[in-house]
Amino acid sequence: MAHKKAGGSTSNGRDSNAKRRGVKRFGGQKVSAGEIIIRQKGFTFRPGDNVHQGKDWTLHADCDGVVKFTQKRLLKFNGKREKETFVHIEPVAA
């Protein structure tokens with residue numbers, strides 16, 4: 001009688017769905033009001049002029065314009081100075 005021994009089990013074989021985070025509009029690109037600039041978890045990029053932050057840390061454009069990234073050295077609570085990247089929207093003259 002043909003028989004195959006049991007193959008056993010594994011604890012692997014699972015993976016979570018990709019969250020599709022990252023920069024959606026880069027420096028110099030045009031955006032319209034409400035458009036997503038960056039999807040992120042935490043404060044990788046900080047909101048600057050004409051940019052607001054959503055509940056899940058997503059950065060949105062407040063007005064039509066061009067994306068601009070700047071870096072600034074901020075003083076942390078432990079006394080250390082670290083570079084932070086800010087995202088701004090330069091409004092387009094209508």
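Here are some notes:
- Cβ-based charge dipole, the chain, positive-most Cα from Q53, G28, G13: G13
- Of the residues T10, T58, the one with the fewest other Cβ atoms within 10 Å heads the list, and the complete ranking is T10, T58.
- Segment 77-89 - phi-based ³J(HN,Hα) in whole Hz, Karplus 6.51/-1.76/1.60, Gly and Pro as x: 5, 8, x, 8, 9, 10, 6, 10, 9, 10, 10, 10, 10
- Largest first, the extents of the alpha carbon coordinates of segment 22-91 on the three principal axes equal 38, 22, 17 Å.
- Close amide H partners of Q29, meaning residues 5 or more places away or on another chain with modelled amide H under 5 Å apart, are V67.
- Straight-line reach from K19: taking Cα to Cα under 21 Å and skipping same-chain neighbours fewer than 8 places apart, the lysines in range are K41, K55.
- Ordering 11-20, 62-71, 24-33 by mean Cβ neighbour count within 10 Å, with the highest value first, yields 62-71, 24-33, 11-20.
- Computed magnitude of the charge dipole of segment 7-90 (debye, nearest 20; Cβ of K, R +1, Cβ of D, E -1): 400 debye
- 3J(HN,Hα) couplings calculated from phi for segment 13-21 with the Karplus curve 6.51 cos²θ - 1.76 cosθ + 1.60 (θ = phi - 60°) are, in sequence order, x, 10, 7, 8, 6, 5, 8, 6, 8 Hz; Gly and Pro show x.
- Amide proton proximity set for R46, modelled H, under 5 Å, gap of 5+: T85, F86, V87
- Amide H to amide H, with H built 1.01 Å from N, I37 comes under 5 Å of L59, H60, A61, counting only residues 5 or more places away or on other chains.
- E82 versus D62: modelled label distance in nm, points set 7 Å from Cα along the beta carbon direction: 2.5 nm
- The HN-Hα couplings worked out from phi for segment 24-32 by the Karplus form 6.51 cos²θ - 1.76 cosθ + 1.60 (θ = phi - 60°) are 9, 10, 8, x, x, 7, 7, 9, 10 Hz, whole numbers, x standing for Gly and Pro.
- Sites N12 and I36 - FRET efficiency at Förster radius 35 Å, r taken between beta-carbons, to 0.05: 0.55
Every read-out reported here was derived from the displayed coordinates using simple, explicitly stated rules and does not represent laboratory data. All values derive from a computational prediction rather than experimental measurement. Counting neighbours? That spans all protein chains shown, and the Cβs are built from the backbone with ideal geometry, glycine included.
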